[in-house]
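Only one structure is covered here, and it is reproduced in the block below.
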Amino acid sequence: MDIGLNHYLVLSTILFSIGLVGVMRRKNLLMLFLATEILLNSVNIAFVAISHYYGDLTGQMFAFFVIAIAASEVAVGLGLLIVWHKRHNNIDLDTMSSMRG
Amino acid sequence: MFEAIAFYLFAFLTIIMFYIAVTTSQALYALTALAAGMIFISAFFFILGADFLGAVQIVVYSGAVMALYAFGMMFFDTTRDLKEKKGNKYIVAGLSTLAAILVVIIFSAPIVGDNIKALYPVVEGAGNTQEIGLVLFTKYLVPFEVAAVMLLVAMIAGIVLAGKKMDASLTLMSEEEIQELEKEKNKEVLS
């Protein structure tokens, strides 16, 4: 019943897949951001687990910086989203095709 | 034994919460489930002995990021149900392939890394917070400062993007000025 590194890696994989499904099927951009948070968090779990089982602090450092990146991403992303919502009154992904890409 | 029980309990709860956050059609449910999932993830950090990171996870994610999302949701119309993409077969196939490859890589990573040595080994006789401080302010000082500058840039960007027209104070303006402002606003909405 010992919990090893693989347990945490499997959990991280499952959470990452859930986040990936969310990114694929969400149309609303706010919900897309939530799915991105899930992706970042699942990777954080893997980093900290590896850091614990190898007795190395680098993993925790990386998780720390990932959290910092996620925080700034949310700030900028939500700011852009509010500007878009003010101008177009919706935040659906399908309507954001003004660049005809 | 208790570690195993805690791990399985929190793994179950986290997966359920994130599944709800991804699949529900109500924005408020998704936000609440995500906040709960973040707190459960901090439990893993505490189990793994990364106390500092667990505290940071609760403070930053459940405190700052979730509050930011909650404020963002107030701007948007979240009462209507969210529309979902109709499943594209190729996308689903590509997604499952990607996830399967990911599983294989993650499983094989510890086997490849059997001979790795700790670059910054855990200091004996120091708490987790102390260790983090020792490594963060010696080896990772420059990335730490860069991250600080990046957060400052993100903060200014958020203020500039979201806070337009916030310099006008409605309490200090006369009636005519307020009406003019509202007229301008209506014009912008119509255009």
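No lab work stands behind these numbers, since they all come straight from the coordinates. Just so it is clear, the structure is predicted and the values come from calculations on it, not from any experiment. Neighbour counts run over all protein chains shown; Cβ positions are idealised from the backbone, glycine included.
Observations, loosely collected:
- Highest mean packing comes first when the peptides B:176-183, A:45-52, A:21-28 are listed by Cβ atoms within 10 Å, giving A:45-52, A:21-28, B:176-183.
- Proximal charge balance of B:ALA64 [Cβ under 13 Å; K/R count +1, D/E count -1]: -2
- Close Lys pairs in the protein assembly as shown, defined as Cα atoms under 22 Å apart and 8 or more places apart or on different chains, number 18.
- Label sites at A:VAL83 and B:LEU28, each approximated as a point 7 angstrom past Cα along Cα to Cβ, lie 3.1 nm apart.
- Residue-averaged beta-carbon neighbours from other chains (10 angstrom radius) around B:91-98: 2
- Compactness of the stretch B:1-77 - radius of gyration and Dmax, Cα, Å: 13.7, 47
- Across every direction, the projection of the convex hull enclosing the Cα atoms of the stretch A:54-101 has a mean area of 5.2 nm².
- Using R0 = 22 Å, the C-beta based FRET efficiency linking A:ASP2 and B:ALA64 works out to 0.05.
- Peptides B:40-49, A:83-92 ordered by average Cβ neighbours within 10 Å, highest first: B:40-49, A:83-92
- If you look at the Cα atoms of chain A, you get an Rg and a Dmax of 17.1, 56 Å.
- Within 10 Å of each Cβ in B:57-65, the average number of Cβ atoms from other chains: 4
- The helix-only estimate of mean residue ellipticity at 222 nm for chain A, built from DSSP H runs of length n ≥ 4 each weighted as -39500 (n - 2.57), is -27000 deg cm²/dmol after division by the residue total.
- Efficiency of FRET between B:LEU134 and B:PHE12 - r from beta-carbon atoms, R0 45 angstrom, step 0.05: 0.80
- Extension gain, B:ILE5 to B:ILE156, is 49.9 nm, computed as 0.36 nm per intervening residue step minus the present C-alpha separation.
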